[in-house]
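Down below is the structure, laid out as structure tokens.
What follows is calculated from the coordinates using simple rules that are stated; it is not laboratory data. A quick note: this is a predicted structure, and the numbers were derived from the prediction, not measured. Here Cβ is always computed from backbone atoms with ideal geometry, including for glycine, and neighbour counts include all displayed protein chains.
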Amino acid sequence: MKLQGNRLFAVVTALTALGFMQIGYDNGLMGGLVGQKAFNDTFASPDPTMIGLIVSIMEVGAFLGSICTAVVGENLGRKKSISTGVIILILGSLLQATAYSRPHLIVARVVTGIGLGIVNSTVPVMQAEFAPKATRGLYVCMQLSTLNFGIFLVYWIDYAFSVHNASYSWRVPVILQCAFLLPMLLLLLLVDESPRWLAAHDRQDEALDVIQRLNHGKLPESDIQAIYEDILRTIAVEKAIGVGSWKDLLKNDKVQTQRRLLIACAIQIFQQLGGINAIIYYSGTLFEKSIGFSAHMSSLMSGFLQTWFFIASFIPWFLIDRIGRRPLLLSMISVMAAVMIVQSALIYQVENGTSIAHQSGIGAAAMLFIFQGAFTIGFQATVWITPPAISNIGWKTYIIFAILNTLWLPIIYLFFPETKGLQLEDVDRLFAGENEEVTSELFVAKCNVEQSEGGGDKLA
């Protein structure tokens, strides 16, 4: 008996939530381990450069995993892609937990990263293709809250084991991520493939069946049929104008594919350069090396910081579909830039032992909380930095982040469109707005959908 209605959507939501939680857990895992005595004893006290390599090499694997997903993921489908990523993640977790040398750990981190890249590239797509359009922003925020919960959870797990000196104190937190991965494999047996993927791969009958079961008891058949036809028409228009090949990404066609690629890449680059990983990956290092707290207090403060990160992630639940994406991005990135300017001045006082060094350390700790709160409200993601920057250039690190976050503001304001309240097919209409031929084709189905709307959320 196949699932339908709220049960089907609940299983999809649970699957994607566990995927996001896994992403958060993996990203926060090393932040509480690299300072532990047991970890340093096992790997011969790696210096800041080696720690940076061990931590960030997972991102290289994630890049490779995302590239693999881009090449073969569309043919595999959402379910098979996620299951492949989960199996690789389990293998990577086992390799990490059994590591006794730096090369072993580095290879294990790359393997884990590949699996993470596949899951990270596919789970958000599956979630978006099932979520109702009116509340898609809310569901995105909910999933990001589960990501932050993964970070929050692993930091406290790391802290709980930090009082032990045996190697299990870092091996157990590593292997515990399988507690998310194994249930994902079971849920994949229950969920259906995305109806949009099915429709795009000439499996229209299966696509209609999934849409009907997903909206069972919510919408009349006429509404469901209109949604289905809208999806088919959008796919047909995209195929007719040649959208879908790799070369199409580099040309500005009738639905502005090149512009959409540049926007998508830009927002990811902005996320990767904004400074959040200096807090998520290395908050313990920041509290200890930059601010001057003891090792124990640094671990405790890191746990509190990630707890705040999780709590703050509930704030955009109530804002994203009311205010929109652009206002939140612009306002919160402004706050992030201002915080980094203040932070650089405070860390300068601490590093130079001035008369206000103690008070500056307290203020610098507070700035981390403000920065991470602003990030999760307006600019949720995970980012890249390595310990050498913290060790070698100190307070100037934060000036770099302040400048970069300031640079993003005019770019987002001028070139990033608002997508609040739009279903996925509407995005094509948004970018094809100046092309009358494509717009007229796309809006035939749109009008049919709007005329049949009689209440209740629909598959977007």
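What to note about this one:
- The mean sequence separation of alpha-carbon pairs under 8 Å and at least six residues apart, normalised by the residue count of the stretch 1-191, gives a relative contact order of 42 percent.
- Computed from the Cα positions only, the extents of the stretch 1-128 along the three principal axes stand at 54, 28, 21 Å, in decreasing order.
- In this simple spin-label approximation, LEU262 and ILE356 carry label points 7 Å from Cα along the Cα→Cβ vector, and these lie 4.4 nm apart.
- Between ILE87 and ILE311, the distance separating the two model label sites (each 7 Å from Cα on the Cα→Cβ line) works out to 4.3 nm.
- Relative exposure of LEU407, LEU89, judged by other C-beta atoms within 10 Å (fewest first): LEU407, LEU89
- Its alpha carbons give the stretch 302-346 an Rg and a Dmax of 12.9, 36 Å.
- Extended-chain gain in nm, criterion 0.36 nm per residue less alpha-carbon gap, SER167 and GLU221: 13.5 nm
- Sorting 95-101, 332-338, 14-20 by average packing, meaning the other beta carbons within 10 Å per residue, from highest down gives 14-20, 332-338, 95-101.
- Peptides 70-83, 31-44 ordered by average Cβ neighbours within 10 Å, highest first: 31-44, 70-83
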